[in-house]
Amino acid sequence: MESETPRFAFLPCMAKASASLIGHNTRGVSRAMSNDYPESIAELDLDAVQISPAILNAVKRFASSKPYRGSTRRRIQKFSRAIHDICDAAGVERPRLLFVPDETQDSGQSACIPAIRTIILRGRLSVITSLHEVSHLLNGPSEYVACAWSLRLFRDCFPRSWSRLRFDGHVAVVTRDDT
Ligand SMILES: [Zn+2]
């Protein structure tokens, strides 16, 4: 099983100190969320999200690279390339990327620190989380926007994974994808 973690379930990337506790994941671990996070996918109007063709194509190339496949080292290369590709498509400076891979942990402790143009991806490599953190770089601190932007791109560029996505409370789980 590939655990995808739409970030409305997890510690907010940039507002951990002011987080309020509202959720539990499937393992019963308390999760903190900022009030800005949507409480469920039903709150998100994915069709209203504006995505430029260049960014859409960059994420489609990410999908074509089969990011769920390969060794951790190889997958980190795919994720790095994709994040740089998306930033190039958006016309923004490429961020510094730090990977702390751990197959036993979800990706909920990942973060984007725009002030130092750094994205930290922790735990299981997650397409949704990586897109979410890139959204913070491109679109600012809004968790609502980051969730909608990342899930819209995931829906449109990873349709097979999207179709397998199910929400256990606030945590989405997708079976390992072959796309
Ligand atoms: Zn976030």
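Would segment 41-62 turn up any residue that is modelled with pLDDT under 95, part of a strand (DSSP E or B) and touching a strand residue (DSSP E or B) at 6+ places or on another chain (Cβ under 8 Å)? The answer is no, given that none of the residues of segment 41-62 is modelled with pLDDT under 95, part of a strand (DSSP E or B) and touching a strand residue (DSSP E or B) at 6+ places or on another chain (Cβ under 8 Å). Among the residues of segment 103-137, those that are surrounded by fewer than 18 Cβ atoms within 10 Å (Cβ to Cβ) and part of a helix (DSSP H, G or I) comprise P114, A115, I116. Residues in segment 86-102 that are part of a helix (DSSP H, G or I) and either free of Cβ contacts under 8 Å to residues at least 24 places away in the same chain or under 27 Å from Y37 (Cβ atoms) (or both): how many? So the answer is 4.
Can you say whether A90 is among the aliphatic types (A, V, I, L, M), within 16 Å of the ligand (Cβ to nearest atom) and either at pLDDT 95 or above or farther than 18 Å from K78 by Cα (or both), as far as the supplied structure shows?
Working: among the aliphatic types (A, V, I, L, M): yes; within 16 Å of the ligand (Cβ to nearest atom): no; either at pLDDT 95 or above or farther than 18 Å from K78 by Cα (or both): yes.
When the stated conditions are applied, A90 does not pass them.
Restricting segment 104-113 to residues that are out of contact with any helix residue (DSSP H, G or I) (no Cβ under 6 Å at 6 or more places or on another chain) and either closer than 16 Å to H84 by Cα or in contact (Cβ under 8 Å) with a residue 24 or more places away in the chain (or both) leaves a set whose member that is farthest from the ligand (Cβ to nearest atom) is D106. Report yes if some residue within segment 140-147 is out of contact with any Pro (no Cβ under 8 Å at 6 or more places or on another chain) and either assigned to a strand (DSSP E or B) or polar (S, T, N, Q) (or both); otherwise report no. Within segment 140-147, one or more residues are out of contact with any Pro (no Cβ under 8 Å at 6 or more places or on another chain) and either assigned to a strand (DSSP E or B) or polar (S, T, N, Q) (or both).
The values are calculated or read from the model by the stated rules, or taken from the named source; none is laboratory data. The structure displayed is predicted, hence computed values, not measured ones. Neighbour counts run over all protein chains shown; Cβ positions are idealised from the backbone, glycine included.
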